Amino acid sequence: MNKANLLDRRQVVSTLLANRKDVVAIGGLGASTNDMCAAGDHARNFYLWGGMGGAAMIGLGLALAQPQLPVLVITGDGEMLMGMGSLATIGLQKPANLSIAVLDNEAYGETGGQTSHTSSAADLVGIARACGINDSRAVTTMAEVEAFAKAVHDISAGPRFANVKIDSANLERILPTRDGAYIVNRIRADLGFQPI
Amino acid sequence: MHARADAADTAPNWPDDIFATLQRFDVRQVPYVPDAGHSRLIQRVLSSFTMRGIALTTEEEGVALLAGAWAGGQRGVLLMQSSGVGNCINMLSLIPILRFPFLTLVTMRGEWGEFNPWQVPMGSTTQGVFELSGVKVLRASHAAEVPVVLEAAAAQAYNALTPTAVLLSQRLIGAKVFTK
């Protein structure tokens, strides 16, 4: 395994969200949701503290409900592996406004750094493409991250998928709110929906 | 995969009753894992202009999808068979945490004249799994009661955010017939 030039996860996520405008962002269980918070709390951040494997599907539900809004799922390799079938479901629906970025450190960082399947066997880019997500990118440079961040705003050309190789550094945890009803209702309010 | 005993010539109306209720409650996203008992309803959904049928690879995807749909302002309903309920368990934890309206319609296997013993264990625990997971269970066993049960289920799920599963009995659907 060549570990040279791996990207910094916080830098990747702040770049993805730097010019977010109307993006709704979903952070998968694990460090990804913390990275999203570290980039700055936002009313349209959907932080997950559970439901491992569900991030991409939450993104699909949102993307289908709001086809005029860019929806961006930011999650980890372990979380994505658990929800791998959802790539086939997304490939079938082809929501043009949905983007998925996987922060791939090839490890289960939250549970002791155990090696994940992406370290030597599973190729998430190949899987996403084979599931019908034609725009599937292997990302290894910040320039490619910037290009993907721009593409997220093109709501006519998705779905798109990026697997971003990041380093396995354990960073200080920046914890978002863990009140799920608050998170959902804050997004709904920002999109103009009233409480029930 | 296999036809049910009641083939097209005796096609029941209750799936149309379900469709009408879902339409009236403005249900927009309909994730499903196919089941013979749901085939007519799935057909209606896929040919609808207001609903979107979303084929899943596994049922838990549907739970997460409905959470996203609600955050984006839409209601949904999850269609599955009883064996799929077990696949959902951890994802059901999203429902009380995120407080989104959850309605699922479950065609039952493993009861009422079942031929396949492999369906029985999960069919027997379906109701218990839901109840332990905080989902209220209603059941319809006869075609005539489907409209009122659906009405009650949709009302409490969408108006009162009471997570609700409707079990559509194998007695209602007809036990699957296996022929060589």
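Structure notes:
- Considering B:A160, B:A140, the condition of being open to solvent by 30 Å² or more (accessible area, probe 1.4 Å) and not charged (D, E, K, R) is satisfied by B:A160 alone.
- Some residue of the stretch B:166-175 being over 22 Å from B:P34 (Cβ atoms) and open to solvent by 40 Å² or more (accessible area, probe 1.4 Å): no
- Verdict on A:L124 being of a type outside the set (S, T, Y) and within 14 Å of chain B (Cβ to nearest Cβ): no
- Within the stretch B:82-119, tally of residues that are of a type in the set (V, I, T) and out of contact with any strand residue (DSSP E or B) (no Cβ under 8 Å at 6 or more places or on another chain): 3
- Residues located in the stretch B:1-25, provided they are modelled with pLDDT of 95 or more and in contact with a Lys or Arg (Cβ under 6 Å, 6 or more places away or on another chain): B:P15, B:F19
- Checking each residue in the stretch A:45-59 for being surrounded by 24 or more Cβ atoms within 10 Å (Cβ to Cβ), facing another protein chain (nearest Cβ under 7 Å) and either over 12 Å from the mean Cα position of the chain (by Cα) or touching a residue at least 60 places away in the same chain (Cβ under 8 Å) (or both) picks out A:F46, A:G51.
- Test: residue in the stretch A:131-144 that is within 13 Å of chain B (Cβ to nearest Cβ), open to solvent by less than 60 Å² (accessible area, probe 1.4 Å) and over 19 Å from A:I58 (Cα atoms): no
- Selection count, the stretch A:142-184, where residues are among the polar types (S, T, N, Q) and out of contact with any helix residue (DSSP H, G or I) (no Cβ under 9 Å at 6 or more places or on another chain): 1
- Of the strands (runs of 3 or more DSSP E) lying entirely inside the stretch B:69-156, those carrying at least 3 residues that are under 20 Å from B:M51 (Cα atoms) are B:78-81, B:103-107.
- Pick from the stretch A:91-110, criterion under 14 Å from the mean Cα position of the chain (by Cα) and of a type in the set (A, V, I, L, M), ranking: nearest to the other protein chains (Cβ to nearest Cβ): A:L98
- Filtered residues of the stretch A:76-90 (kept if within 12 Å of another protein chain (Cβ to nearest Cβ), crowded, with 24+ Cβ neighbours inside 10 Å and in contact with a Leu (Cβ under 9 Å, 6 or more places away or on another chain)): A:E79, A:S86, A:L87, A:I90
The values are calculated or read from the model by the stated rules, or taken from the named source; none is laboratory data. None of the values given here were measured: they were computed from a predicted structure. Cβ: placed from backbone, ideal geometry, glycine included. Neighbour counts: every protein chain shown. Surface areas here come from the heavy atoms of the whole protein model, side chains and all, with no ligands, DNA or RNA. Shrake-Rupley method; radii C 1.70, N 1.55, O 1.52, S 1.80 Å.
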